[in-house]
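Working notes, structure below.
The values are calculated or read from the model by the stated rules, or taken from the named source; none is laboratory data. No experiment lies behind these values; they were computed from the predicted model shown. Please note: Cβ atoms are built from the backbone with ideal geometry, for glycine as well, and neighbour counts cover all protein chains shown.
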Amino acid sequence: MYHVSVLLNESVESLQIKPGGTYVDATFGGGGHSDLILNKLGGKGRLFAFDQDEDARQNATKAPFAGNDQFSFIHANFRHLKRMVRAEGVRVGTVDGILADLGVSSHQLDSGSRGFSYRFDAELDMRMDTREGPTAADVLNQTSAVELQQILSELGEVRNAKTLAEAIVRFRENSPFKTTGELTALCEKYFMGDRMRYQSQVFQALRMHVNDELGALKELLESAYEMLAVGGRLSVITFHSLEDRMVKNFMKTGNVEGIVKKDFYGNIDRPWELVTKKPIEPSHEEIKNNTRARSSKLRVAEKKTAENQ
Ligand SMILES: C[S@@+](CC[C@H](N)C(=O)[O-])C[C@H]1O[C@@H](n2cnc3c(N)ncnc32)[C@H](O)[C@@H]1O
């Protein structure tokens, strides 16, 4: 199984798909959400799906996507959503719904050779898009101890981030990092609390940094607002508290920092109508069947008109 879609019905229902509308799935993966969106489009309308991963692109060349002229796959980072969707002939302010299901797929985590998981010894790569950018090994070998500490503590909430960052720098003085096994062995020496939890926090922090996941999310949210029509919906599934905070802030204030802006008369800018005041979380049943759903949160908002902001 490539990937079990998280909050599948809840997220697609929340888009209130109109047959004939224009939709974007920013994170195609195994295509579970895209498949349901296409079903609801009912033979009319368009779906554009993004994924920067080559294996996800391969999924888009199979049924039910291959040869479906309502469907277009865009092999790119979703941070380029506005530019790429416009290049497909879609005008700014005309998209009816955008879905993003962030992070990595089970397939990526379970592919031993990609370096995403501490469970397999592999090259330290961790890039979702293997066509460009530094690998996790490059980051470990070239980043200062201070910056490594920041990455580990902010993105992974690693408790002894300074100790581990200094140990990484000492290790690479002898020989540069090449494999996940080397990083795992270092974590074995320095872990605090639960061993496996510690490993996954360290790997998560590095992965989020390597793929600039928070930077890409910020650009996605900004592009999504511009591309959506008034009344169009944005549904985002997050797996990390920093991502969820950015989405929550953006839906409340129109910026990821959550800075409340006022117009000349002191009226607060509210570019979105919140559809979910509190995030939707998976049921016990879903978590029982798919532990990956455990930390997921779905937030949904509708773009307001300029007049009723
Ligand atoms: C959680 S999976 C999506 C699963 C999908 N919704 C499904 O039902 O199968 C996330 C996917 O988004 C892709 N992805 C993550 N960040 C991305 C980005 N910035 N640009 C493009 N694709 C991205 C990953 O490569 C991965 O395939």
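Before moving on, here are some points about what is shown:
- A search for C-beta distances below 6 Å between a residue of region 205-221 that is without any contact (Cβ under 8 Å) to a residue 12 or more places away in the chain and any residue that is assigned to a loop (DSSP other than H, G, I, E, B) and near the ligand (Cβ under 9 Å from one of its atoms), counting only pairs 6+ apart in sequence or on different chains, returns nothing.
- Residues that are part of a loop (DSSP other than H, G, I, E, B) and under 21 Å from the mean Cα position of the chain (by Cα) do occur in region 107-115, at least one of them.
- Unmet criterion (only one of (1) part of a loop (DSSP other than H, G, I, E, B); (2) more than 9 Å from the ligand (Cβ to nearest atom)) for His3: (2)
- Restricting attention to region 176-200, the residues that are of a type in the set (S, T, N, Q) and closer than 12 Å to Leu140 by Cβ add up to 2.
- Residue within region 175-185 that is over 29 Å from Gly29 (Cβ atoms) and assigned by TED's automatic domain parsing to the domain that holds Leu298 present: no
- For beta carbons closer than 6 Å, sequence separation of 6+ or different chains, a first residue in region 265-279 that is without any contact (Cβ under 8 Å) to a residue 40 or more places away in the chain and a second that is charged (D, E, K, R) and in a loop (DSSP other than H, G, I, E, B), the qualifying pairs are Glu273/Lys304.
- Under the condition of being in contact (Cβ under 8 Å) with a residue 12 or more places away in the chain and crowded, with 17+ Cβ neighbours inside 10 Å, the residues counted in region 187-199 number 3.
- Restricting attention to region 35-52, the residues being within 11 Å of the ligand (Cβ to nearest atom), charged (D, E, K, R) and surrounded by fewer than 23 Cβ atoms within 10 Å (Cβ to Cβ) number 1.
- Whenever a residue of region 35-61 is in contact (Cβ under 8 Å) with a residue 40 or more places away in the chain and on the phi < 0 side of the Ramachandran plot, its partners that are near the ligand (Cβ under 9 Å from one of its atoms) and among the polar types (S, T, N, Q), lying with C-beta atoms within less than 6 angstrom and at least six residues away or across chains, give the pairs Gln52/Asn77.
Yes/no per residue for (1) in contact with a Lys or Arg (Cβ under 6 Å, 6 or more places away or on another chain); (2) near the ligand (Cβ under 10 Å from one of its atoms):
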| position | (1), (2) |
| --- | --- |
| Leu81 | no, yes |
| Gly93 | no, no |
| Ser111 | no, no |
| Asn141 | yes, no |
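- The criterion of at least 2 residues that are modelled with pLDDT of 95 or more and closer than 21 Å to Gln108 by Cβ is met, among helices (runs of 4 or more DSSP H) falling completely within region 118-194, by 136-142, 145-156, 180-190.
- Filter pass, Phe71 being on the phi < 0 side of the Ramachandran plot and either surrounded by fewer than 21 Cβ atoms within 10 Å (Cβ to Cβ) or near the ligand (Cβ under 8 Å from one of its atoms) (or both): no
- Residues in region 6-34 that are under 25 Å from Asn289 (Cα atoms), of a type outside the set (Ser, Thr, Tyr) and more than 8 Å from the ligand (Cβ to nearest atom): Leu7, Asn9, Glu10, Val12, Glu13, Leu15.
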